[in-house]
Amino acid sequence: MTNTLHIKNELEQLTRLYAFLDQQAGAYELEELQSMQIKLALEEAVTNVILYAYPDKKDQDIRIDMSYEHKRLTIVITDTGIGFNPLERQEPDLTLSLEERPIGGLGIYLVKQLMTEVSYSRSAGKNILTMTKDIH
């Protein structure tokens, strides 16, 4: 069964996202560490959509679908903003000092570290970011 949340591209909407995730984590009986990892990855991905997908538009929809089957949690984030594949970004150079490192670029790296799989597609004018996490 898939559960869906629709939010607008406003940072204030993150509180609704947290409540949705907490509800799903309880229903799926996720451990606290897993729940925290998923929350961090989801927050990062959705915040990027809020901040960058609609540069000049407010009141735009973001859809979050969440399902759990066969010990695998799947989260699909869909928006109609500008096309952008975050997985094409170059991996950050973690050997650089903080002063040498460019600002940004760690978020999607973090998402990829926290989740089992992350994929992106663009279809019918929509960005579709799919994140999965194996639950043990």
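When residues in the range 25-59 are screened for being open to solvent by less than 20 Å² (accessible area, probe 1.4 Å) and basic (K, R), 0 of them pass.
In the set (1) at pLDDT 95 or above; (2) surrounded by fewer than 19 Cβ atoms within 10 Å (Cβ to Cβ), the condition left unmet by L73 is number (2). I'm trying to understand the selection: among the residues of the range 1-24, which are among the aliphatic types (A, V, I, L, M) and buried (at least 17 other Cβ atoms within 10 Å of the Cβ)? Scanning the range 1-24 gives L5, I7, L17, L21. Against the conditions (1) surrounded by fewer than 16 Cβ atoms within 10 Å (Cβ to Cβ); (2) modelled with pLDDT of 95 or more; (3) of a type in the set (V, I, T), I62 satisfies every one except (1). Against the criterion of being of a type in the set (V, I, T) and either at pLDDT below 95 or in a loop (DSSP other than H, G, I, E, B) (or both), V118 does not qualify.
The values are calculated or read from the model by the stated rules, or taken from the named source; none is laboratory data. Everything numeric here is computed off the predicted structure, so don't read it as measured data. Methodologically, a virtual Cβ is constructed for each residue, glycine included, from the backbone with ideal geometry; neighbour enumeration extends over all protein chains shown. Accessible surface areas use protein heavy atoms only, side chains included; no ligands, DNA or RNA. Shrake-Rupley method; radii C 1.70, N 1.55, O 1.52, S 1.80 Å.
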